Amino acid sequence: MSPAPVIAITGMNAKPDNPGPGMAVARCIKESAELKAKIIGLSYDVLDPGMYRSEYADASYLIPYPSSGEDALCSRLEQISALEKIDILIPCLDAELKTIARIKPRLEALGIKVLSPNEEQIDLRAKDNLPRLAQMAGIKTPAVTKITSADFFHTCHKHGWGFPMVVKGVFYDAYIAHSPAEAVGAFHKIALEWGYPILVQEFISGEEVNLTALGDGKGNMLGAVMMKKRAITDKGKAWAGISIADKRLENAASKIVEASNWQGALEVEVMVDKNNNYYLIEINPRFPAWIYLSRGVGRNLPELLVNLVLNEEYEDKTTTNYSDYKSGVLFIRYAEELILDLEKFESMIMHGFTNNLS
Amino acid sequence: MTYSNFEESLLKGLDVIASENRLGNITTQLVSRYSGIPEAKMLRHISSLDVIVASWFQLKQRKLRVVIDGFNGVDSKEGYLQQMGNLLELPSLLTLLVAKNIDRMIDVDIIEDLRHSFRESLLQAIVHLKGTSDRSHEELAGEVMFTLSEVVSYGSKDSRRKIASLKKNLPWEIECDLFPSQEVIKRLAVSESGFIFDPVSGKSYSANSSAMSILKILQRTTDVGEITSIITDEYDVLSSMAERDILDFSVNLRGLFS
């Protein structure tokens, strides 16, 4: 008999220029031939469209923002689980991952299993830790420095920095600055939204390739799926992409997973310059928004994660059978309107809940 | 800093920019960074960047004429290797002679004229060397130019290997990687429709029927003579014409896959 777990998924937002991965994760699981899962969508905003898509979420709930604290999130999850009997939680947003890692024992006491990186692993992939990770991966990384004053941009040439450069927030946001004036603008914009310090990164001209996979927590990387962006949004997010088979990228990611005993999903972003040098740009400790491509290439990673959580001895056939991996599979994202009854919207606003099956 | 020191720093900065094959987009920021002169100070002292670039290019033109004349007078192996060695020690001149992207601030007509003269003098040198090769003098000159153009991507291991090869070998002895590696060519998925997909880079291309024919042969062999012979057996085309098309195509392929 097929397992029928109840799976709660966060990140059900899907803004066209910067979508969260939740809906795509839910879609992968719903289309699994093995699982007959019930999906519970978890969101922070009543306008997150994934909450109302009955194809992907059987029911949806609002949860408190991570800034509300661990207790608030834990007690809300306890409430929801009392109603839905959640078996597995798949967190999909960077900002909530540390909180989830901290409350993991409490969630497990509620019968909710989570396969996501621990706090140490989340800290390891912080943007200012990239040189260490790149060393683990055996590839390069752009020079990076932390700054707290915009004066840096007027004197940086004395220290070997040149334009263009990338001005980044520690957690989110990145701008390419071509002049001190642009850099100062980006500095203040990021500082206002995300605070200090600000990171300045050497600009690497090249092409970005990405990999997503699962770490089993024992040093093994499972089910790698690689993608080259073919079209991007204004925010640099993939709007279209194609699966590739790049052994060098795979080896680099595999070394990171092995050295850190990574557990759960990850996305590795690498820039390849014209001399074929690989530069580690970023590691995200979750599935990417383009995760539905994993189903397209025959390596349904969210399905694999669920199977691994349900059964520690689960044998991952996708990774061992490399010849089945399909390169040259495209995805093209699109935006569409979801028509919604006022009752569902009202229910979400008034009760923080909607049942999509009714 | 005196004005002459200031100007000298800018000219040196432009030299380094050229040496690193960055003449494609000359900006005040770039010149400021490479010359060590703050942008604001630079703009206070010169009316525009064009002026300083023009002055630098005039100096380079004179030096390029000397290089071209040097090849014109070549009549021995030692003389050729001496001239080639000299040129390779002057990366800023080499960039002007072979780089693909040159900023519009540098007069395109003069560049084209210099490049034509260089190729002609290189050809004359090859004719005088009277080497034994089954390839024509034009083809050999083309291969030397092609290898020089690959050298300008400084810093790569491949580039250093090519410099070493050019410094010690006569044109018909140069190890010329006309085509991308067999590993790259073989991994390409080539469809009958002309659609080509590279599963490592994720890039796709479309090719016409001639390019498709050559590409399919290339997946078996990279020997130009063999490819030419297969093409001339199959199509009604002169051997010299087929060879030229293959060499032209090889330049495109290198540009796409190297």
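The numbers here are math on the coordinates, done by the rules we state, and not lab data. Keep in mind that what you see is a predicted model, and the values were worked out from it rather than measured. Positions of Cβ are backbone-derived with ideal geometry, glycine not excepted, and every protein chain shown enters the neighbour counts.
When you count, for each residue, the other Cβ atoms within 10 Å and take the mean per peptide, how do B:97-109, A:233-245, A:212-224 rank with the highest first?
On the way: B:97-109: 14.5, A:233-245: 18.2, A:212-224: 20.8.
Taking the mean over residues of other Cβ atoms within 10 Å, the ranking is A:212-224, A:233-245, B:97-109.
Of A:Pro64, A:Thr10, A:Met226, which is farthest towards the positive pole of the protein assembly as shown's charge dipole, taken about the Cα centre with +1 and -1 on the beta-carbons of Lys, Arg and Asp, Glu respectively?
Result: A:Pro64, furthest along the dipole toward the positive end.
Angle check, please: helix A:342-351 long axis (alpha carbons) against the longest principal axis of chain A (alpha carbons), in degrees 0 to 90, nearest 10.
80
Fully extended, how many nm does the chain gain between B:Ser48 and B:Ser209 (0.36 nm per residue separation, minus their Cα-Cα distance)?
53.0 nm
Give me the log10 of I(q) over I(0) for the range A:143-202 at q = 0.14, 0.15, 0.16, 0.25 Å⁻¹, as the Debye formula computes it from C-alpha points; what are the numbers?
Scattering profile of the range A:143-202, log10 relative to I(0): -0.29, -0.33, -0.38, -0.98.
Report, by chain and number, residues whose modeled amide H sits under 5 Å from the one on A:Arg230, excluding near sequence neighbours (fewer than 5 apart, same chain).
A:Trp239, A:Ala240, A:Gly241, A:Ile242
How high is the FRET efficiency between B:Gln182 and A:Asp173 when r is their beta carbon distance and R₀ equals 56 Å, given to the nearest 0.05? If you can, show how the numbers build up before the last one.
Details: r = 44 Å, r/R0 = 0.78.
So the FRET efficiency works out to roughly 0.80.
Which FRET efficiency value, to the nearest 0.05, do you get for B:Lys77 and B:Asp248 by plugging their Cβ-Cβ distance into 1/(1 + (r/R0)^6) with R0 = 25 Å?
0.25
Report, ordered by chain and residue number, the lysines lying within cross-link reach of A:Lys85, taken as a straight Cα distance under 28 Å and ignoring same-chain residues fewer than 8 apart.
A:Lys30, A:Lys36, A:Lys38, A:Lys98, A:Lys104, A:Lys113, A:Lys344
Which residues' amide hydrogens lie under 5 Å from the amide hydrogen of A:Ile90, considering only partners 5 or more residues apart or on another chain, with H built in the peptide plane?
A:Ala8, A:Ile9, A:Thr10
So for chain A, taking the charge dipole from beta-carbon charges (+1 Lys/Arg, -1 Asp/Glu), which of A:Ala26, A:Pro105, A:Gly162 sits furthest toward the positive end?
Value: A:Gly162.
Could you tell me how many degrees, from 0 to 90 and to the nearest 10, lie between the Cα long axis of helix A:247-260 and the main elongation axis, the longest principal axis, of the Cα atoms of chain A?
Relative to chain A, helix A:247-260 is tipped by roughly 70 degrees.
What are the semi-axes of the equivalent ellipsoid for the protein assembly as shown, taken as the square roots of 5 times the Cα gyration tensor eigenvalues, largest first, in whole Å?
55, 32, 19
At 7 Å along Cα-to-Cβ for each site, give me the label-to-label distance between A:Asn220 and A:Glu313 in nm.
1.3
Return the ratio Rg/(2.2 N^0.38 Å) for the range B:158-204, where Rg is computed over Cα atoms only.
1.63
Take chain A, compute every pairwise Cα distance, and split them into 20 Å bins from 0; I just need the percent in each bin.
Values per bin, smallest distances first: 29, 58, 13, 0.
From Cα pairs below 8 angstrom and at least 6 apart in sequence, can you work out the relative contact order of chain B, rounded to a whole percent?
Details: 256 pairs, mean separation 39.6, N = 258.
The value is 15 percent.
What are the ³J(HN,Hα) couplings of the range A:21-33, residue after residue, when phi is run through the Karplus curve with 6.51, -1.76, 1.60 and θ = phi - 60°? Round to Hz, x for glycine and proline.
Calculated HN-Hα couplings, in order: x, x, 4, 5, 5, 4, 5, 4, 6, 5, 8, 5, 7 Hz.
In whole Å, how far is the Cα centre of the range A:56-72 from that of the range B:183-258?
Between the Cα centre of the range A:56-72 and that of the range B:183-258, the gap is 56 Å.
Shielding of A:219-228 by partners, i.e. mean partner chain Cβ atoms within 10 Å per residue?
Details: counts 0, 0, 0, 0, 0, 0, 0, 3, 1, 6.
The mean count of partner-chain Cβ atoms within 10 Å per residue comes to 1.
Less than 21 Å apart at the alpha-carbon level, and either on another chain or at least 8 residues along: which lysines does that give for B:Lys12?
A:Lys158, B:Lys41, B:Lys60, B:Lys63
Counting partner chain Cβ atoms within 10 Å of every residue's Cβ in A:242-249, what's the average?
Partner-chain Cβ atoms within 10 Å, mean over residues of A:242-249: 3.
Can you give the longest stretch of chain B with no exposed loop site, where a site means GluC sites (Glu not before Pro) in a DSSP loop (not H, G, I, E or B) with at most 13 other C-beta atoms within 10 Å?
In chain B, the maximal stretch lacking such sites is B:1-88.
So which DSSP H runs in chain B come out at 30 Å plus along the axis (Cα) with average Kyte-Doolittle of at least -1.0?
Qualifying helices, which must be both long enough and hydrophobic enough, are B:49-72, B:108-129.
Excluding residues on the same chain fewer than 8 positions from A:Lys237, give the lysines whose Cα lies under 20 Å from its Cα.
Within the straight-line limit of under 20 Å, A:Lys237 reaches these lysines: A:Lys15, A:Lys127, A:Lys168, A:Lys189, A:Lys228, A:Lys229, B:Lys203.
Let me confirm one metric for peptide B:195-206, namely the mean number of other chain beta-carbon atoms within 10 Å of its residues' beta-carbons.
5
Kindly provide the trypsin sites (Lys or Arg not before Pro) of the range A:241-296 that DSSP labels as loop, not H, G, I, E or B, and whose Cβ sees at most 11 other Cβ atoms within 10 Å.
When the trypsin sites (Lys or Arg not before Pro) of the range A:241-296 are filtered for loop state and at most 11 Cβ neighbours within 10 Å, A:Lys274 remain.
Can you give me the angle between helix A:180-194 and the longest principal axis of chain A, using Cα atoms only, in degrees from 0 to 90, rounded to the nearest 10?
30
Which FRET efficiency value, to the nearest 0.05, is calculated for A:Asp324 and B:Val237 with the Förster distance at 35 angstrom and r the Cβ-Cβ distance?
It comes out at approximately 0.25.
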